[in-house]
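To start, the structure itself, in structure tokens.
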Amino acid sequence: MSEEVGQLSCQELVELVTDYLEDALDDGTRARFELHVGLCHGCAAYLGQMEETATRLGSIPVDSLSTEATSTLLDAFRGFRR
Amino acid sequence: MSSDDGELVAALRAGDEAAFTRLVTDWSRPMLLLARGFVSTEASAEEVVQDTWLAVIRGLDAFEGRAALRTWVYRILVNIAKTRGVKEHRSLPWSSLGAEDEGPTVDPGLFRGPEDQYAGGWKSFPSDWRTVEDRVLEIEIQDQLRTVLERLPERQRIVLTLRDVVGCSSDEVCELLDVSAANQRVLLHRARAGCRQVLARYLAAEPSEEVS
């Protein structure tokens, strides 16, 4: 069996998820990846969860600069632009 | 220069304080998170971000718009943060990967062994994730996710912050960090997989699985 038509195991597939999402797989591997995900509920779930993880990271709470720092910067901006 | 960048840069050059304040408010959050990956304390990260904005103020007239404004600002930030990281003895090599970037990202125990007819297949599928309706729980989950991000190995943390928190493209990240596309993907993959594993504890419809 040639490498192109060989199947990916679930364990191999989970390590290729980011390469797949980044469009970095060669055509043969990409086809095998998509075939597997189309047939395997577990890997389809894993792929979706990696995408959800990326989306959720876009809305995590993060601290901003202190108000003092922001007003210092505004002073600097004002001074420089005058 | 894109038309959005063009308008913003024109407003800043004209001394528009509201535009400057808005920009600092909107961008400083992810900038702080990113800076924290390079330096050793929150206070140091705050100084990196302040120094970046001061450099932006001074450099505005020289900004030619060959790169997007955001890329330009982040390039300044990364340079300042790297220099400071070196002073704090936290220099990170970007040309090679480390031991923390190797090995499987999913517990091998979740897959069938080599003697099995379905070797490498899931022993049981990962649980589907539920939709969280409870606002308090949602906030807790997002807080946890931030904690996980902060505990990742530095390079994974920096790449993940740029890609998924800031929203940079892979090309932008490779250029900002001087990392190869292949290594960028390895770091991103490991970081996302680590975060996914923690999310699974909260979001699995059947929460018995993947508690490690």
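Give B:T21, B:T41 a once-over and let me know the one that is over 20 Å from B:E64 (Cα atoms), within 8 Å of chain A (Cβ to nearest Cβ) and more than 15 Å from the chain's Cα centre (by Cα).
Details: B:T41 fails: within 8 Å of chain A (Cβ to nearest Cβ).
Matching residue, one of B:T21, B:T41: B:T21.
Where in region B:94-212 are there helices (runs of 4 or more DSSP H), lying wholly inside it, with at least 3 residues that are open to solvent by 20 Å² or more (accessible area, probe 1.4 Å) and at pLDDT 90 or above?
On the way: elements: B:135-151, B:154-160, B:170-177, B:181-203.
Answer list for region B:94-212: B:135-151, B:170-177, B:181-203.
Against the condition within 14 Å of chain A (Cβ to nearest Cβ), modelled with pLDDT under 95 and crowded, with 19+ Cβ neighbours inside 10 Å, how does B:L34 come out, does it pass? Give the steps one after another, and end with the answer.
Values: within 14 Å of chain A (Cβ to nearest Cβ): yes; modelled with pLDDT under 95: yes; crowded, with 19+ Cβ neighbours inside 10 Å: yes.
Yes.
In region A:15-69, how many are among the basic types (K, R) and either at the interface with chain B (Cβ under 10 Å from one of its Cβ atoms) or touching a His at 6+ places or on another chain (Cβ under 8 Å) (or both)?
1
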Exception for A:D75 within (1) facing chain B (nearest Cβ under 9 Å); (2) modelled with pLDDT under 95; (3) assigned to a helix (DSSP H, G or I) falls at (1)
Picking from B:T41, B:T21, B:T25, the residue that is among the β-branched types (V, I, T), without any contact (Cβ under 8 Å) to a residue 24 or more places away in the chain and exposed (fewer than 12 other Cβ atoms within 10 Å of the Cβ) would be B:T41
Counted residues in region A:8-25 being over 19 Å from B:L188 (Cα atoms) and assigned to a loop (DSSP other than H, G, I, E, B) come to 2
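The values are calculated or read from the model by the stated rules, or taken from the named source; none is laboratory data. Note that this is a predicted model, so its numbers are computed, not measured. Neighbour counts are summed over all protein chains in view; Cβ atoms, including those assigned to glycine, are modelled from backbone coordinates with ideal geometry. All accessible areas refer to the heavy atoms of the entire protein, side chains included, with ligands and DNA or RNA removed. Shrake-Rupley method; radii C 1.70, N 1.55, O 1.52, S 1.80 Å.
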